[in-house]
Amino acid sequence: MAKVNFKRPLFEFISIVVAVVLAMALTEWRQNQLNRKLAEKSLQNIIAEIQDNRDDLAIDSAKIVADLRFMKAWITDFEEKSEKNDFSLNFDYSFLNRAALDVAINNQSMTYIDFEINMALAEIYNTQEFYSQKALDVFDAMGELTTSTHHPESAEFLAKVKGFNFQLGLVMGSIRAYMVETEQFLSTYNSEN
């Protein structure tokens with residue numbers, strides 16, 4: 001009876017297993033590198049989007065502050081029965097972008113971005129959503145003012161102005177919150193600063 005030599009087939013088998021494991025490890029490493037690069041690019045796009053939104057809100061906030069001052073003076077003059085200016089406002093609403101975030105969610109690169117960054121982004125975009133909703137409420141209140149059948153000297157008109165003032169104050173508060181949150185985020189995570 002001939003002796004069978006198992007060394008060569010065993011060596012070939014081990015070589016094949018090692019080659020397959022190495023190929024799988026290399027493929028996984030390569031995919032992780034691609035995911036990491038995609039996450040970095042997504043984060044850069046989100047940072048640029050946040051900066052653009054901040055720039056838009058900085059312009060809007062100056063106009064809103066002027067509107068709030070005007071309304072405060074107008075309400076005071078109304079209540080004191082003083083001479084007051086005609087009621088007019090210059091409310092501007094910036095449509096804030098969230099496309100970079102949506103793309104990062106859709107391409108699943110958010111799962112490769114650090115958890116703390118994800119949490120900070122969630123807070124920023126929640127504040128952005130609150131701003132957007134409150135700004136739309138301002139348009140509703142503005143519509144009520146412009147279509148009001150009440151005389152500008154009436155208590156009903158004053159009540160509508162106070163309601164509008166409250167809504168606009170909420171918008172301004174959301175802008176301030178957005179500016180603080182994004183300033184902290186950008187100073188921490190924006191490598192270009």
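For the chain, the alpha-carbon radius of gyration amounts to 1.82 times the rule-of-thumb value 2.2 N^0.38 Å expected for a compact globular protein. For residue 73 and residue 148, the FRET efficiency from 1/(1 + (r/R0)^6), where r spans their Cβ atoms and R0 equals 22 Å, is about 0.65.
Note on residue 166 and residue 37: the extension gain reaches 41.9 nm, defined as 0.36 nm multiplied by sequence separation minus the Cα-Cα distance. Compared with the direct C-alpha span, the chain from residue 90 to residue 114 gains 4.6 nm at full extension, assuming 0.36 nm per residue. Evaluated over the Cα positions of region 78-150, the convex hull gives a direction-averaged projected area, one quarter of its surface, of 7.8 nm².
In summary, the helical segments of the chain meeting the span-like criteria, namely a full DSSP H run, a Cα extent along the axis of 27 angstrom or more and a mean Kyte-Doolittle hydropathy of at least -1.0, are 7-79, 115-146, 155-189. Residues 116, 181, sorted by accessible area with the largest first, give 116, 181 [1.4 Å probe; ligands and nucleic acids excluded].
So what's the gap between the Cα centers of region 1-57 and region 133-179, to the nearest angstrom? So the separation of the two Cα centres works out to 55 Å.
Shape analysis of region 1-109 yields a ratio of the Cα radius of gyration to the Kirkwood radius, Rg/Rh, of 1.62. Based on the Cβ-Cβ distance of residue 103 and residue 58, what FRET efficiency does E = 1/(1 + (r/R0)^6) give at R0 = 25 Å, to the nearest 0.05? Efficiency computed from Cβ-Cβ geometry: 0.50.
Can I get the semi-axes of region 1-40's equivalent ellipsoid? Compute them from the C-alpha gyration tensor as square roots of 5 times the eigenvalues, in angstrom, largest first.
Gyration-tensor ellipsoid for region 1-40: 40, 4, 4 Å.
Can you give the percent of C-alpha pairs in region 126-184 whose distance is more than 16 Å? The answer is 48 percent, as a whole percent.
The values are calculated or read from the model by the stated rules, or taken from the named source; none is laboratory data. This one's a predicted model, so the numbers in the text were calculated from it and none came from an experiment. So basically every Cβ, Gly included, is an ideal-geometry build from the backbone, and we count neighbours across all protein chains shown. Quick note on the areas: whole protein, heavy atoms, side chains included, nothing else; ligands and nucleic acids left out. Shrake-Rupley method; radii C 1.70, N 1.55, O 1.52, S 1.80 Å.
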